[in-house]
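Taking it in order: structure first as structure tokens, then the write-up.
Every read-out reported here was derived from the displayed coordinates using simple, explicitly stated rules and does not represent laboratory data. Given the structure is predicted, the values throughout are model-derived calculations rather than measurements. In this analysis, Cβ positions are derived from the backbone assuming ideal geometry, glycine residues included, and neighbour counts consider all displayed protein chains.
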Amino acid sequence: MNALTDRFGRRIEYLRLSVTDRCDLRCTYCMPEGFRDFEEPEHWLTFDETERRRIIAHTLLKREGTPEDIARAVRFLIFDATYTTGHMLTVDGGRSASL
């Protein structure tokens, strides 16, 4: 097998790959003169938005709950659940059923 060499003919004995644009090496190759900081594109999701979408993806209804969902459950317990005692009503869009 041929050895890996750079354009100057030097043998490359190791290779470092980065899967992010934020490597921990601050060299002149990726940090040109006048460079301030990496810029994140506007279309990138924040960590919180990624986590919110992950939770919704694992919910059977595939949507966030609303205050109206809670109000309907409370109304049911107050007015319609006359024969229910000692029961816990889980209002989570089916998330606990899908875990």
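Between the beta carbons of ARG95 and LEU4, assuming R0 = 35 Å, the FRET efficiency works out to 0.10 to the nearest 0.05.
Sequence-ordered 3J(HN,Hα) estimates for segment 64-72 from the Karplus curve with 6.51, -1.76 and 1.60 and θ = phi - 60° stand at 7, x, 10, x, 5, 4, 5, 4, 5 Hz, glycine and proline given as x. Ordering 90-96, 43-49 by mean Cβ neighbour count within 10 Å, with the highest value first, yields 90-96, 43-49. Peptides 77-88, 58-69 ranked from most to least packed give 58-69, 77-88, packing being the mean of other C-beta atoms within 10 angstrom over each peptide's residues.
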